[in-house]
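The values are calculated or read from the model by the stated rules, or taken from the named source; none is laboratory data. Since we're looking at a predicted model, the values are computed, not measured. Using ideal geometry, Cβ is built from the backbone for each residue, glycine included, and neighbour counts are taken over all protein chains shown.
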Amino acid sequence: MGPLPNAQSGGPPGLTPAHQQSGQDQQARAFNPYSHLDQYGQSTTGAASSFDRPRQPPALDHNLHTAPLPHVSNLHPHHLSSHAFFLSPSQREELARRNDAILTAPVPPEHGGPQLPEELHVYHSLVPLEAPGHGTALPATLVDPRVAPPTAPGASLHLSGMSGEPSRVFGYRTSSYKALCTLDGKAYVLRRIEGFRLLHDNAITVVERWRRIRHPSIVSVREAFTTRAFGDSSIVFVYDYHPLATTLYGEHMVPKPPQVDRRTGRLQTVSMQIQERTLWSYAVQLTNVLRNIHSHGLAARCIEPSKVLRTSKNRVRLNCCSIFDVVAFDPRANTAAVQSHQADDLLNLGKLLVSLACNSMGAVQNLPKSLESISRLYSADFKNVVLWLVGKPSPGKTADELGRMLGSHIADEVDSALNYADLLESGLSKELENARLVRLLCKFGFINERPEFDHDPRWSETGDRYVIKLFRDHVFHAVDDTGRPLVDLSHILSNLNKLDAGSEERVMLTSRDAQSCLVVSYREIKNCVEAAFQDLSRAR
């Protein structure tokens, strides 16, 4: 191949003299792909700050930051699904649905939404989360208030909670709302106890003791305040918001509609029986909760299927903590009263396990029959734990003792948690380099096919920019031997990663008319990209 004319020659575009260094020069210096960044990861060459890389290691010699997946590394690249390089669709969909739930906006009253205060303390944009007055979470389709709940023709569902029955747990009508905080912009849950008048000022100070408790299986309590914004005397408890959470009652006590069998195409009833491994998981998590709460000198007092949230698969969190302490506040309570409530926590945990194992809230009304059913469906070890929980209280009957009884099952739960953490870390590693590649793609978008810059209609077609154009064609417009477009994600990611790292590996670039052929390294192409982008940045 003969010498290539430069941008000033007026002939076919090619490399500028600045990029025709000798091979000895290139090997004499160790290349640092992040040499243009200072110690804080900021560019020292004047490029736009929005494209500066975050802080990186001082030297980076490898081309692909993310190692290939073990279960796909032996496959041919063309056979890899695009999902092998990114977060799994199920995880992405779940996270997207949660984000959608957080961003759900309230429906104005003129469009059929409930009449709610525009602002409540430091919260605004209230969205109802529960069916009126029952303290149970709405189904997934009703979490979004834009989806109308089924009602009789001409009837309206009053979601403010005033038309509901009193809560079976707290004795007052309750309602819950998702709201945004003006202080930090985050979403929280406001649980309102309607028609409650605070008789003892010290009662609300109990919430401060709950605020100090931070446990992964407790829905954290943030604050409590009284209000008349709803037209009555109410008290509102503020909790962390876990989008799309359901309750154990809704998951395991409400019959599921029949589902279509994929093989036969017929409707098939859904089994409500819970696997024993799942019951042990619930028991371990709630036992750890009680151990933590009791160690702070408090009692949960709300171990009940409708007050235990299921935030993901087999992941439960105790909800509505501190409400009973305020609603049923006793200024004369002593240590003996607290210990009595803690004993009730263990009893209620046993009743909860009985209800879940039998898929019925009424199972605790006939314990002998329910225990007989449990002995048929589950192991003797599980039945013995349930018998210990629902038995008579004794001085040695504590949450710590229950934890010792569940020792082997706690180990199983730790193993499951570690495996799930590995799964999430694997998904995160696939997304690790997305920012780097997006920066490159954005720079390509700024440079390639630019109609005119610096009064030169051919700016993007000459000099350094010509190399960039050929590389773009090599990456995105490649074809196979028969001339068909080569749609290969691994080819794209491999080339972009090598370009970002400034590899010394060489690649042959050919023009579309096959009249020009350049052999350049990824490092040289990267220098071309940086130089062209610098031109655009300085012109701002």
Legend entry - Every residue from the stretch 321-343 that is under 20 Å from I213 (Cα atoms) and among the charged types (D, E, K, R): D325
Legend entry - Residue that is modelled with the highest pLDDT, among those in the stretch 455-511 that are outside any loop (DSSP other than H, G, I, E, B) and basic (K, R): R506
Legend entry - Subset of the stretch 214-240 [surrounded by fewer than 16 Cβ atoms within 10 Å (Cβ to Cβ) and under 18 Å from the mean Cα position of the chain (by Cα)]: P216, D240
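Quick one: which of I213, I204, I235 is in contact (Cβ under 8 Å) with a residue 24 or more places away in the chain, under 23 Å from A333 (Cα atoms), touching a strand residue (DSSP E or B) at 6+ places or on another chain (Cβ under 7 Å) and not in a strand (DSSP E or B)?
Going through I213, I204, I235 in turn, the sole match is I204.
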Legend entry - Those residues of the stretch 308-320 which are more than 11 Å from S217 (Cβ to Cβ) and either hydrophobic (A, V, I, L, M, F, W, C) or in contact with a strand residue (DSSP E or B) (Cβ under 7 Å, 6 or more places away or on another chain) (or both), in sequence order: R310, C320
Inset, instruction - For S537, state whether it is touching a residue at least 60 places away in the same chain (Cβ under 8 Å) and hydroxyl-bearing (S, T, Y). - result: yes
Inset, instruction - Considering only residues that are touching a residue at least 60 places away in the same chain (Cβ under 8 Å) and not aromatic (F, W, Y), look in the stretch 169-187 and name the one that is surrounded by the most Cβ atoms within 10 Å (Cβ to Cβ). - result: K178
Inset, instruction - Give the residues of the stretch 336-376 that are without any contact (Cβ under 8 Å) to a residue 12 or more places away in the chain and either hydroxyl-bearing (S, T, Y) or in contact with an Asp or Glu (Cβ under 6 Å, 6 or more places away or on another chain) (or both), sorted by residue number. - result: S340, S375
Inset, instruction - Among the residues of the stretch 487-518, write down those that are without any contact (Cβ under 8 Å) to a residue 24 or more places away in the chain, more than 37 Å from the chain's Cα centre (by Cα) and more than 13 Å from I468 (Cα to Cα). - result: R506, D513, A514
Legend entry - Filter pass, F324 being farther than 30 Å from A417 by Cα and not basic (K, R): yes
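So which of L402, L418 ends up being free of Cβ contacts under 8 Å to residues at least 12 places away in the same chain and under 33 Å from the mean Cα position of the chain (by Cα)?
Every option except L418 fails the conditions.
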Inset, instruction - Give the residue, chosen from T141, T151, that is out of contact with any Asp or Glu (no Cβ under 8 Å at 6 or more places or on another chain), part of a helix (DSSP H, G or I) and either modelled with pLDDT under 50 or outside the structural domain of T227 (by TED's automatic domain parsing) (or both). - result: T141
Inset, instruction - Determine whether the stretch 274-290 contains at least one residue that is more than 22 Å from G396 (Cα to Cα), acidic (D, E) and over 29 Å from the mean Cα position of the chain (by Cα). - result: no
Legend entry - Qualifying residues in the stretch 257-281 (those that are small (G, A, S) and exposed (fewer than 10 other Cβ atoms within 10 Å of the Cβ)) - the one nearest to A299 (Cα to Cα): S271
Inset, instruction - Determine, yes or no, whether N288 is modelled with pLDDT of 95 or more and in contact with a Gly (Cβ under 9 Å, 6 or more places away or on another chain). - result: yes
Inset, instruction - Would you point out the residue of the stretch 241-250, among those that are of a type in the set (A, V, I, L, M, F, W, C) and surrounded by 17 or more Cβ atoms within 10 Å (Cβ to Cβ), that is farthest from the chain's Cα centre (by Cα)? - result: L248
Inset, instruction - Collect the residues in the stretch 179-201 that are out of contact with any helix residue (DSSP H, G or I) (no Cβ under 6 Å at 6 or more places or on another chain) and assigned to a strand (DSSP E or B), keeping them in residue-number order. - result: A179, L180, C181, Y188, V189, L190, R191, R192, I193
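Here's a check for you: in the stretch 282-305, which residue that is over 18 Å from I213 (Cα atoms) and in contact with a His (Cβ under 8 Å, 6 or more places away or on another chain) is surrounded by the most Cβ atoms within 10 Å (Cβ to Cβ)?
Residues of the stretch 282-305 over 18 Å from I213 (Cα atoms): 282-284, 304-305.
Still in the running and in contact with a His (Cβ under 8 Å, 6 or more places away or on another chain): 283-284, 305.
Numbers: A283: 25, V284: 23, P305: 18.
Among residues in the stretch 282-305 that are over 18 Å from I213 (Cα atoms) and in contact with a His (Cβ under 8 Å, 6 or more places away or on another chain), the one surrounded by the most Cβ atoms within 10 Å (Cβ to Cβ) is A283.
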